[in-house]
Amino acid sequence: MTETADNFVDFQNVWLAYNDELLAKDHFAVEDINLQVKQGEFIAIVGPSGCGKSTFMKLTTGLKKPSRGEIFVDNQPVTGPLKISGMAFQAPSLLPWRTTLDNVLLPLEIVEPFRTQFKARKAEFEARAIKLLQTVGLGGYERKFPWELSGGMQQRASICRALIHEPKMLLLDEPFGALDAFTREELWCTLRDLWTEQKFNVILVTHDLRESVFLADTVYVMSKSPGRFVVKRHIDLPRPRDLEVTYTPAFTDIVHELRSHIGAIRKS
């Protein structure tokens, strides 16, 4: 075990085959993953479809166990599903019969230690959820149902739900992919502000290179399947970043550089 105290996520020579038959044939979904993410760091993972980005997320959260190698999160070996992480996906998947507020509160109703405290602390938890909704521009929408919200509003609520239990790590799998360009950029800024204020770790999987460069401290490029990290690019654009930076030559150069790596991988 070689992780240092400031590494929050530590992958050590991790390989994954989805079953024993594939393992016997040395057919891996991801291979030779070595990755160290520092406390509070925001990383993004980009790569062609089917390269193993979502598999990497499952490994990080303990939903999949590696066939080889070890994974540590917060200096603890990952042996099962993590309670210290929150997740949001491309589809907000809000429950249609619950209000926005009740959807956000859902993790506190089902995840320990909050579950056993929920009735006694419900007023406190509701106040926390309302404050979080206000932070992302959903103040006044607490009693609305998902079908009364736009796609962007639903995704904001989904992010609030992922953060309500104050996780140490937020995992985002294509969270803005289904939204129009303007709404997507608004939510980039929402996520930027939440992360700046709370400094939780973020792992963002995305196909959008502009999104990865705008948001992340470090961008990793994954090869086509079997996935492995082939490029690690520190984003040295100063923070805080406003949308205006996306029109600068420095920003565009980084996007083009990353795109060239993905293009080369697709041809190989």
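Quick notes on this one:
- Single residue of the stretch 13-61 satisfying the filter (closer than 24 Å to residue 86 by Cβ and polar (S, T, N, Q)) that is surrounded by the fewest Cβ atoms within 10 Å (Cβ to Cβ): 39
- Test: residue in the stretch 92-102 that is of a type outside the set (A, V, I, L, M), at pLDDT below 90 and either under 26 Å from residue 179 (Cβ atoms) or surrounded by 14 or more Cβ atoms within 10 Å (Cβ to Cβ) (or both): yes
- Residues that are farther than 19 Å from residue 36 by Cβ, modelled with pLDDT under 95 and not basic (Lys, Arg), drawn from the stretch 224-237: 225, 226
- Pairs where the first residue, in the stretch 83-103, is in contact (Cβ under 8 Å) with a residue 12 or more places away in the chain and the second is assigned to a strand (DSSP E or B), C-beta under 6 Å, 6+ apart: 85/169; 85/171; 86/170; 87/171; 88/172; 89/173
- Hits in the stretch 37-54 (condition: closer than 22 Å to residue 255 by Cβ and either of a type in the set (Phe, Trp, Tyr) or without any contact (Cβ under 8 Å) to a residue 40 or more places away in the chain (or both)): 42
- Checked against the criterion of being out of contact with any Pro (no Cβ under 9 Å at 6 or more places or on another chain) and over 20 Å from residue 222 (Cβ atoms), the candidates 25, 53 yield just one match: 25.
- Yes/no for residue 193 being loosely packed, with under 14 Cβ neighbours inside 10 Å and more than 20 Å from the chain's Cα centre (by Cα): no
- Criterion (free of Cβ contacts under 8 Å to residues at least 40 places away in the same chain, closer than 21 Å to residue 42 by Cα and of a type outside the set (Gly, Ala, Ser)) met by exactly one of 215, 132, 204: 132
- For residue 245, the requirement of being in contact with a Leu (Cβ under 9 Å, 6 or more places away or on another chain) and not charged (D, E, K, R) is met.
- Consider the stretch 62-82 and keep the residues that are surrounded by fewer than 22 Cβ atoms within 10 Å (Cβ to Cβ) and within 15 Å of the chain's Cα centre (by Cα). The one that is farthest from residue 231 (Cα to Cα) is 82.
For (1) in a helix (DSSP H, G or I); (2) under 20 Å from residue 257 (Cα atoms); (3) not hydrophobic (A, V, I, L, M, F, W, C), each residue gets a yes or a no:
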{"residue": "171", "(1), (2), (3)": "no, no, no"}
{"residue": "182", "(1), (2), (3)": "yes, no, no"}
{"residue": "196", "(1), (2), (3)": "yes, no, yes"}
{"residue": "202", "(1), (2), (3)": "no, no, no"}
{"residue": "221", "(1), (2), (3)": "no, yes, no"}
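The values are calculated or read from the model by the stated rules, or taken from the named source; none is laboratory data. Only a predicted model underlies this, so the values are computations on that prediction, with no experimental measurement involved. No Cβ is skipped: glycine too gets one built from the backbone with ideal geometry, and neighbour counts run over all protein chains shown.
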